[in-house]
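The values are calculated or read from the model by the stated rules, or taken from the named source; none is laboratory data. Treat the numbers as computed from the prediction; the structure is a model and nothing was measured. As a convention, Cβ positions derive from the backbone with ideal geometry for all residues, glycine included, and neighbour counts pool all protein chains shown.
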Amino acid sequence: MTTQICPRRSVLFVPGSNERALEKGKSLAADGLILDLEDSVAPEQKTDARGRVMAAVETGGYGRREIIIRVNGLETPWGRDDIAAAAASGADGILLPKVDDGADVREADSILDAAGAPEEMSIWCMMETPKAILNAVDIASASPRVGCLVMGTSDLAKDLYCAHTRDRLPMITSLELCLLAARAYGLAILDGVFLDLDDDEGFTHSCRQGRDLGFDGKTLIHPKTLDPANEIFAPSGEELDWSRKIIAAHAKAEKEGKGVVVVEGKLVETLHVANAKRLMALHDAIRGLTEDLSK
């Protein structure tokens, strides 16, 4: 499954057991919502939460934003039933937690197929265990349904016994391996959550670092972080202005039969134009989504 130009600057986790939160999600400026049946739901509430989430998705009202259901793990008593229920819900995809290798993805895929899930329903994979990081390529290539890798940096730090520092140096290797796998197979990839809701500056730094590394956006745990994530992971005005300049200059050079073009003293090649066109397409997609959600 190749990456589509789809805004994923801000993807907010919403507790599946909280009906008020499920309703509030319809009015939030998130590019996507992950309706959670796993970590945020107590064991005794799992079944009720599943019914509540499926009803919310089927009722609709979320506009064009992506709706993903995080199911419980395949090793739990609820995982398979979660996946089967999600298959017919109308959600855009499922988020599979605790993925260790491609076999986990293929098992989830087979459950979706058996339950009649549409071909376009995607599987997002939580990359939150050492095995997942070492098997990133296997996971990314496991099924045509795989659409996105989602970093689970909190669980990963726990398993690695590493510090969760400001610059995340102890897990840079893990982040980069997943980025390489995602880009090699045309997938989207989202950075992990930032847990300190009182540290606005730290959150901003984390978003900027994630964007610099190459992530498409960030998973979030509170609506107050939506605006900074949306701003940081969107193309800047300066980037858009430069993109327009080099696209126009390159097109003019091609018409004149020139293979090389220099814009403001900088050599512009086809690879720069391709990235410029990607940024412009992302900008247009963000504008379309924003207009839809403001209606």
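All of (1) in a loop (DSSP other than H, G, I, E, B); (2) of a type in the set (S, T, N, Q); (3) crowded, with 16+ Cβ neighbours inside 10 Å hold for residue 165 with one exception: (3).
Going by the structure shown, is residue 34 touching a Cys at 6+ places or on another chain (Cβ under 9 Å), touching a residue at least 40 places away in the same chain (Cβ under 8 Å) and either more than 22 Å from residue 128 (Cα to Cα) or not in a loop (DSSP other than H, G, I, E, B) (or both)? Taking the combined requirement at face value, the residue does not satisfy it. When the residues of the range 53-78 are filtered to those that are among the hydroxyl-bearing types (Ser, Thr, Tyr) and assigned to a loop (DSSP other than H, G, I, E, B), the one that is nearest to residue 96 (Cα to Cα) is 76. Can you tell me which residue among 11, 99 is in contact with a Lys or Arg (Cβ under 9 Å, 6 or more places away or on another chain), crowded, with 24+ Cβ neighbours inside 10 Å and under 22 Å from residue 141 (Cα atoms)? On inspection, the qualifying residue turns out to be 99.
All of (1) surrounded by fewer than 19 Cβ atoms within 10 Å (Cβ to Cβ); (2) not in a loop (DSSP other than H, G, I, E, B) hold for residue 219 with one exception: (1). A single member of 122, 154 is within 15 Å of the chain's Cα centre (by Cα) and among the polar types (S, T, N, Q), and it is 122. Of the set (1) part of a loop (DSSP other than H, G, I, E, B); (2) in contact (Cβ under 8 Å) with a residue 40 or more places away in the chain, all apply to residue 116 but (2). The numbered conditions (1) at pLDDT 95 or above; (2) in contact with a Gly (Cβ under 9 Å, 6 or more places away or on another chain) are all true for residue 289 except (1). Condition first: in the same structural domain as residue 125 (by TED's automatic domain parsing) and either without any contact (Cβ under 8 Å) to a residue 24 or more places away in the chain or of a type in the set (Phe, Trp, Tyr) (or both). Can you find one or more residues in the range 184-193 that meet it? For the range 184-193, residues in the same structural domain as residue 125 (by TED's automatic domain parsing) and either without any contact (Cβ under 8 Å) to a residue 24 or more places away in the chain or of a type in the set (Phe, Trp, Tyr) (or both): present.
For residue 164, the conditions (1) of a type outside the set (Phe, Trp, Tyr); (2) closer than 26 Å to residue 68 by Cα; (3) modelled with pLDDT under 95 are fulfilled apart from (2). The residue that is nearest to residue 7 (Cα to Cα), counting only those in the range 238-284 that are without any contact (Cβ under 8 Å) to a residue 40 or more places away in the chain and basic (Lys, Arg), is 277. Each residue in the range 246-280 was checked for being surrounded by 15 or more Cβ atoms within 10 Å (Cβ to Cβ) and aliphatic (A, V, I, L, M), and 11 pass.
Each residue in the range 222-243 was checked for being surrounded by fewer than 13 Cβ atoms within 10 Å (Cβ to Cβ) and assigned to a helix (DSSP H, G or I), and 5 pass.
Can you confirm whether the range 232-246 contains a residue that is in contact with a Cys (Cβ under 9 Å, 6 or more places away or on another chain) and over 22 Å from residue 40 (Cα atoms)? Yes, the range 232-246 contains a residue that is in contact with a Cys (Cβ under 9 Å, 6 or more places away or on another chain) and over 22 Å from residue 40 (Cα atoms).
Within the range 195-205, the presence of at least one residue that is surrounded by 19 or more Cβ atoms within 10 Å (Cβ to Cβ), free of Cβ contacts under 8 Å to residues at least 60 places away in the same chain, in the same structural domain as residue 29 (by TED's automatic domain parsing) and not aliphatic (A, V, I, L, M) is confirmed.
Within the range 5-31, the set of residues being in a loop (DSSP other than H, G, I, E, B) and over 17 Å from residue 94 (Cβ atoms) comprises 5, 7, 9, 17, 18, 28, 29, 30, 31.
Please determine whether any residue of the range 86-108 is among the acidic types (Asp, Glu), at pLDDT 95 or above, in a loop (DSSP other than H, G, I, E, B) and touching a Gly at 6+ places or on another chain (Cβ under 9 Å). Yes: the range 86-108 contains one or more residues that are among the acidic types (Asp, Glu), at pLDDT 95 or above, in a loop (DSSP other than H, G, I, E, B) and touching a Gly at 6+ places or on another chain (Cβ under 9 Å).
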